[in-house]
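Participant: Sharing a structure below in structure tokens format, with a few things to ask.
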């Protein structure tokens, strides 16, 4: 199966509006590959860390599974063949993985653990077309200033942390919490632009004309 390198149109296996905005920023035409509303959700992507799984192995595995799942949906729905881009972001303190909080209490716990400490934000991306899949990994060091319990309570009450790895979003109010960042700002948002552009380029895909 050969990729038509003259086509820059891809599918994005993510509903994240932030990732859509970032793809638009680098001029990549795309369509969100969403599961049908009435379709039964499959168990093709296990987002629970496996026993002993390291954070980098975890985020790459989940990302690859998302790309595989997206390609499967493309085939099942008989959509025009275009590559599928998937991404996954996680936050880690050492080997501890802080994913999306299950509730407000867990969000507050995550933020208390991150307060005044440096952590690592890992974003993996995968692109699949036919039998070929390639991946990239962005790693960024981020430090939050010391947060007062009342600040954490107000931030969690505002709802912003609830759909974000580690319970904060750098592009939102929590940007005021970040005292230092070394690495990719867009990677912390959820789609590292340099790595994404380089990965797509290997498949002959660039900005739309």
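The values are calculated or read from the model by the stated rules, or taken from the named source; none is laboratory data. Small disclaimer: the values here were computed from a predicted structure and weren't measured. So basically every Cβ, Gly included, is an ideal-geometry build from the backbone, and we count neighbours across all protein chains shown.
Participant: Answer yes or no as to whether residue 198 is touching a residue at least 12 places away in the same chain (Cβ under 8 Å), surrounded by fewer than 20 Cβ atoms within 10 Å (Cβ to Cβ) and in contact with a helix residue (DSSP H, G or I) (Cβ under 6 Å, 6 or more places away or on another chain).
Facilitator: no
Participant: Let me ask something additional. When you go through (1) within 19 Å of the chain's Cα centre (by Cα); (2) surrounded by fewer than 15 Cβ atoms within 10 Å (Cβ to Cβ) one by one for residue 117, which number turns out not to apply?
Facilitator: The single condition residue 117 does not satisfy is (1).
Participant: Determine if the stretch 65-84 includes at least one residue that is in contact with a strand residue (DSSP E or B) (Cβ under 8 Å, 6 or more places away or on another chain), within 26 Å of residue 21 (Cα to Cα), part of a strand (DSSP E or B) and modelled with pLDDT of 95 or more.
Facilitator: Checked the stretch 65-84: at least one residue is in contact with a strand residue (DSSP E or B) (Cβ under 8 Å, 6 or more places away or on another chain), within 26 Å of residue 21 (Cα to Cα), part of a strand (DSSP E or B) and modelled with pLDDT of 95 or more.
Participant: Does residue 116 satisfy being free of Cβ contacts under 8 Å to residues at least 40 places away in the same chain and at positive phi?
Facilitator: Yes, satisfied.
Participant: Being assigned to a loop (DSSP other than H, G, I, E, B), under 19 Å from residue 190 (Cα atoms), over 14 Å from the mean Cα position of the chain (by Cα) and modelled with pLDDT under 95 is true for just one of 37, 28. Which residue is that?
Facilitator: On inspection, the qualifying residue turns out to be 28.
Participant: Which members of the stretch 166-194 meet the condition of being in contact with a strand residue (DSSP E or B) (Cβ under 7 Å, 6 or more places away or on another chain) and within 17 Å of residue 17 (Cα to Cα)?
Facilitator: The answer is 170, 187, 188, 190, 191, 192.
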